[in-house]
Amino acid sequence: MYQFFVEPSQIQGNKIIITGSDVNHMKNVLRMKTGEEIAVKNGVDGKEYRCGIEEFTQDQVVCSLRFIREEGVELPSEIYLFQGIPKADKMEWIVQKAVELGVSEIVPVSMRYCVVKLDQHRAQAKVRRWQAVAESAAKQSKRSRIPTVHPVMDFKEAVSHAIECDCRLVPYENERGMQSAAEAFRAIRTGDRISVMIGPEGGFSSEEIDAVRKKMQVLSLGRRILRTDTAAITMMSALMLHLETMEQMEQLKQMKSMEQSGQTDEASGV
């Protein structure tokens, strides 16, 4: 089933109006027909609106609401990925996979050892492209929101934003031992805002690492040296697994507590 994003104002009672580039995509690329069911999300309330295509006009697709699914697909914590800009098209791949894994926002960061140096015009064009990749990945993975790709920041500015989060993680290839990583993950609580800062192909400079040691948790991802794109997805995968496992365990505890409460009520004759 295909999924599309709309603005909240496009959900009008039991009618949903799709406009923009999706109209041409639905009519001429996907060749969809009236009656077909689609999923629509507004990126705000986390709900999935299931509807059927009612009519194609020149610049709109009119859909009728069938039912609403309210169970969420988003992670219980927001993850902010601060990514040192890599060369070639690696950033597109990182954006795509990070969105699939549940990232909330992505910040491209210009660091000392970045191979790619973008002027303002090229940076703006790249960010537009990365945002389009994020939207496509959000649709494919059935996300309820489209993660934002921010304009390129310099390292100092990025750090000032990253340290505002509850949990601040910096994988570093020269860090030794896994104890710091284990401690950092154990400290995460449901609802925490998590920032992850990943260095570029050349890694962090010694000055950059020194600048974050007292403000963020520097940790190791193992004894092997990982490429920047591998490091980003390794962190996102580990955090996704940890957060969803933690959420499920909390739900099981709540269910068990409710069952025990019910048994107690029965025993007391309430």
I want to verify a result. In a Gaussian network model of the chain, Cα cutoff 10 Å, which of these has the top mean-square fluctuation: N14, N42, N28?
N28
Quick one: if you take sqrt(5λ) for each eigenvalue of the C-alpha gyration tensor of region 60-158, what semi-axes come out, biggest first, whole angstrom?
30, 15, 11
Note the full-extension length gain between S206 and L30 as 0.36 nm times their separation in residues minus their Cα-Cα distance, in nm to one decimal.
58.3 nm
For the chain, shape from the Cα gyration tensor axes a ≥ b ≥ c, cut at a/c of 1.5 then a/b versus b/c, turns out oblate
Keeping to pairs on different chains or 8 or more places apart, tell me how many lysine pairs in region 102-158 have Cα atoms under 25 Å apart.
5
In percent, how large is the relative contact order of the chain, given Cα pairs closer than 8 Å and 6 or more residues apart?
19 percent
What is the distance in Å between the Cα centroid of region 11-83 and that of region 148-198?
33 Å
Could you work out the longest stretch of the chain that avoids the trypsin sites (Lys or Arg not before Pro) located in DSSP loops with at most 14 other Cβ atoms within 10 Å?
34-86
Could you work out which residue, out of V61, V133, V170, moves most in a Gaussian network model of the chain, that is, has the largest mean-square fluctuation with Cα springs under 10 Å?
V61
Net lengthening on full extension, S220/E7 (0.36 nm per residue, minus Cα-Cα):
72.6 nm
Region 10-128 - percent relative contact order, Cα under 8 Å, separation 6 or more:
19 percent
Applying the Karplus parametrisation 6.51 cos²θ - 1.76 cosθ + 1.60 with θ = phi - 60° to the phi angles of region 44-58, what ³J(HN,Hα) value in whole Hz is obtained for each residue in order, glycine and proline being reported as x?
10, 8, x, 8, 10, 9, 8, 8, x, 6, 9, 7, 9, 10, 4
Ranked by accessible surface with a 1.4 Å probe, highest first, in what order do F67, F56, F185 come?
F67, F56, F185
Between T230 and S160, what's the calculated FRET efficiency when r is the beta-carbon distance and R0 is 25 Å? Round to 0.05.
0.40
Using 12 Å as the cut-off for backbone N distance, which residues of region 1-15 belong to the label zone defined by a point 7 Å from the Cα of R66 along Cα→Cβ?
1-2
Mean-square fluctuation maximum in Gaussian network of the chain, Cα pairs under 10 Å, restricted to G199, G84, G43, hits G43
What the 5 Å binned alpha carbon P(r) of region 115-208 shows, as percent of pairs per bin from 0, is 2, 10, 15, 18, 21, 18, 11, 5, 0
Any residue on another chain or 5+ positions along whose placed amide H is under 5 Å from the amide H of V218 is listed here as V170
What residues of region 143-161 lie in the reach of a label at R50, counting those whose backbone N is under 17 Å from a point 7 Å from the Cα along Cα→Cβ?
143-144
If you roll a 1.4 angstrom probe over the protein chains with everything in place, what fraction of the accessible area of region 148-213 belongs to carbon and sulfur, to the nearest %?
49 percent
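The values are calculated or read from the model by the stated rules, or taken from the named source; none is laboratory data. Remember, it's a predicted structure, so these values are computed and weren't measured experimentally. Methodologically, a virtual Cβ is constructed for each residue, glycine included, from the backbone with ideal geometry; neighbour enumeration extends over all protein chains shown. What goes into the accessible areas is simple: the full protein's heavy atoms, side chains included, and nothing from ligands, DNA or RNA. Shrake-Rupley method; radii C 1.70, N 1.55, O 1.52, S 1.80 Å.
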